[in-house]
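Novice: The structure is given below, and queries will be raised subsequently.
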Amino acid sequence: MKVGRKGESTLTGKETITSWYRAHSDAIFKYIFLIVRDAKEAEDLTQETFIKAYLNFDSFQHRANEKTWLFRIAHNVTIDYLRKRKPLVYVKEIFTLKNRALPSAEEIVIMNERTEEFIRMLDTLKHSDRQVIILRKVHGFSTRETMEILNWSESKVKSTLSRALKVLAKQMEKKEDESRE
Amino acid sequence: MNKRLDERLRQLNESIVWHPSRKEELLTKIVETIENERDVKRKNLSFVYVCSVAFALFCLFVGAMTFFERDDLPRYKESRTEHQLIDKGEENTRDDHDRSVEEEIEQLANVWAEALKTRDGKPRYEMMTLAAQEKFIREQLVMNDGDELNFTIGVSSPWVIHYDIEVDGWTAIITYTSMTSDPAYFESKETVTFTEENGTILVADFETEYEYRPVDNE
């Protein structure tokens, strides 16, 4: 597979994916990790994202930003993963979200206690709220890019983000009050 | 509050560290998977290519066989197939075709002569045109004084002990040598004319030139 725009030096698919991996794998991994909350699974899904990118490279239009395109794949891969998980496990996880343990796989991800606490707070949000906050506020995607990644309308992105931020702000306020007491 | 929240969210990405060694390890896995994928694709393509070539050759073979099995071609399968395999050009094909016809006629003449030796007229009857079959039936009825038709040909004595076949175009001249228990020897000569009907070589006519001419010895 040879890729590249007209006039650009032509890279093989493998070379392109390697260079994309070096540029974006960190962000992709963290996005997936914050959604699935399992470091090992996040790695597997990151791998799947780049393999899918390689296999579907022909459908990549150079008009689009490669990062947005990769995030779109990551989003789909993550959604598929969540759907495929046994429903009972999934439901159980939803109900035990607050008490859910952070990944024990320290050899994969390192983060301090404060970050863990903040992530736990994010976990209390609805899945769609979490997605939009992570994309817009953590990864800094524009509304348009978020629309592309999630395949949402502009109004949905904006309204979900606004509501989610309010909920999260309340959570944060509550947490701060608790710690003050 | 919103400002602080924004700040925390912005910092979140940096405060999660994915082990660089894990990241490199995953890249190796991805590259391996891509290479395997390419190998599989290449293998699949090779397999598809081999299958396509095999299928094309098979179609060619079936097409050729169908062509040569056509009814409008003379039916001299065995010899023709053999010759087709060594054909080099149109001229050779024509020569081989003529040779095949001659060989086929010789084979049929052998069956014809052998039938007299075994006194069984059925093989002869089966290789005749309709006109020749009618003639055969007429002759058989005469031989049996108008009684019921049977396929026994020739006489019990003298019996055929040997025959020679000479093929000349579409005609075969068969010379039979017969003997009696005396022993006495006789010679008979028969001309068998062949024709081609719907791709099949058949006996069109048969005539006895002479019969049981005494010969001095075998």
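Every number in this text was worked out from the coordinates using simple rules, so none of it is lab data. Computed from a predicted structure; not experimentally measured. Counting neighbours? That spans all protein chains shown, and the Cβs are built from the backbone with ideal geometry, glycine included.
Novice: Just to be sure I understand the curve: with the Debye formula and one point per C-alpha of the stretch B:109-218, what is log10 I(q)/I(0) at q = 0.11, 0.12, 0.21 Å⁻¹?
Specialist: -0.35, -0.42, -1.18
Novice: Using only the Cα atoms of the stretch B:156-218, construct the convex hull and provide its projected area averaged over every direction, in square nanometres to one decimal.
Specialist: With every direction weighted equally, the projected area is 4.9 nm².
Novice: So what are the ³J(HN,Hα) numbers for the stretch A:20-35, from phi and the Karplus equation (6.51, -1.76, 1.60; θ = phi - 60°), rounded to whole Hz, Gly and Pro as x?
Specialist: Ordered by residue, 3J(HN,Hα) equals 5, 4, 4, 7, 10, 4, 4, 5, 5, 4, 5, 4, 5, 4, 5, 8 Hz.
Novice: Report, by chain and number, residues whose modeled amide H sits under 5 Å from the one on B:His162, excluding near sequence neighbours (fewer than 5 apart, same chain).
Specialist: It is B:Thr177, by chain and number.
Novice: Taking every pair of distinct Cα atoms and averaging 1/r, then inverting, what Kirkwood hydrodynamic radius in Å comes out for the stretch A:19-87? Could the numbers behind the result be given before it?
Specialist: On the way: mean 1/r = 0.0825 Å⁻¹.
Hydrodynamic radius (Kirkwood, Cα only) of the stretch A:19-87 equals 12.1 Å.
Novice: How big is the Kirkwood radius of the stretch A:118-163, worked out from every pair of different alpha carbons and given in Å to one decimal? Show your work: numbers first, answer last.
Specialist: On the way: mean 1/r = 0.0954 Å⁻¹.
Radius from the Kirkwood sum: 10.5 Å.
Novice: For all pairs of alpha-carbon atoms in chain B, what percent lies in each bin of width 10 Å, listed from the first bin to the last filled one?
Specialist: Result returned by the calculation: 7, 19, 18, 12, 9, 6, 5, 5, 5, 5, 4, 3, 2, 0.
Novice: Starting at the first residue of the stretch B:165-175, write each ³J(HN,Hα) from the Karplus equation 6.51 cos²θ - 1.76 cosθ + 1.60 with θ = phi - 60°, in whole Hz, x for Gly and Pro.
Specialist: 10, 10, 9, 9, x, 9, 10, 10, 9, 10, 10
Novice: Please list, in chain and number order, the residues 5+ apart from B:Leu202 or on another chain whose amide H is under 5 Å from its amide H, with Hs placed from the backbone.
Specialist: B:Thr195, B:Glu196, B:Glu197
Novice: Continuing with this model, one more query. Arrange B:Phe67, A:Phe60, A:Phe71 by Cβ neighbour counts within 10 Å, fewest through most, would you? Intermediate results must be reported in sequence, preceding the final value.
Specialist: On the way: B:Phe67 9, A:Phe60 15, A:Phe71 25.
Listing B:Phe67, A:Phe60, A:Phe71 from fewest to most nearby Cβ atoms yields B:Phe67, A:Phe60, A:Phe71.
Novice: P(r) tail for the stretch B:125-184, what percent of Cα pairs lie past 14 Å? Intermediate values should be presented prior to the final figure.
Specialist: Working: 1225 of 1770 pairs.
Here the long-distance tail beyond 14 Å is 69 percent of all Cα pairs in the stretch B:125-184.
Novice: Multiply the residue gap between B:Met143 and B:Asn2 by 0.36 nm, knock off their C-alpha separation, and tell me the result in nm, one decimal place.
Specialist: Details: separation 141, 0.36 × 141 = 50.76 nm, distance 12.58 nm.
Taking B:Met143 through B:Asn2 to full extension adds about 38.2 nm, to one decimal.
Novice: Rank the residues A:Ile32, A:Ile108 as a footprinting-exposure proxy: fewest other Cβ atoms within 10 Å of their Cβ go first. Before the final figure, lay out each step's value.
Specialist: Numbers: A:Ile32 27, A:Ile108 20.
Taking fewest neighbouring Cβ atoms as first place, the list is A:Ile108, A:Ile32.
Novice: Return the sequence-ordered ³J(HN,Hα) values of the stretch A:39-54 in whole Hz as given by the Karplus equation 6.51 cos²θ - 1.76 cosθ + 1.60 applied to θ = phi - 60°, using x for Gly and Pro.
Specialist: Each residue of the stretch A:39-54 in turn: 4, 5, 4, 4, 5, 4, 6, 5, 4, 4, 4, 6, 5, 5, 4, 5 Hz.
Novice: Still on this structure, I have one more. Listing B:Leu5, A:Leu45, B:Leu130, B:Leu149 from the residue with the fewest other Cβ atoms within 10 Å to the one with the most, what is the order?
Specialist: Neighbour counts put them in this order, fewest first: B:Leu130, B:Leu149, B:Leu5, A:Leu45.
Novice: Once R0 is set to 35 Å, what does the formula 1/(1 + (r/R0)^6) return for the Cβ-Cβ distance between A:Lys166 and B:Ser15, expressed as a FRET efficiency to the nearest 0.05? Don't jump to the answer; show the numbers that get you there.
Specialist: On the way: r = 23 Å, r/R0 = 0.66.
Working from the Cβ atoms, E equals 0.90.
Novice: So what is the calculated 222 nm ellipticity per residue for chain B, using -39500 (n - 2.57) for each DSSP H run with n of 4 or more, over all residues, to the nearest 500 deg cm²/dmol?
Specialist: -19000 deg cm²/dmol
Novice: Give me the inter-chain shielding for A:46-56: mean count of other chain Cβ atoms within 10 Å, whole number please.
Specialist: Mean shielding by partner chains, rounded to a whole number: 3.
Novice: Moving on to the next point. Return one number: the angle in degrees, 0 to 90 and rounded to the nearest 10, between the long axis of the Cα atoms of helix B:77-86 and the longest principal axis of the Cα atoms of chain B.
Specialist: For B:77-86 against chain B, the angle is about 50 degrees.
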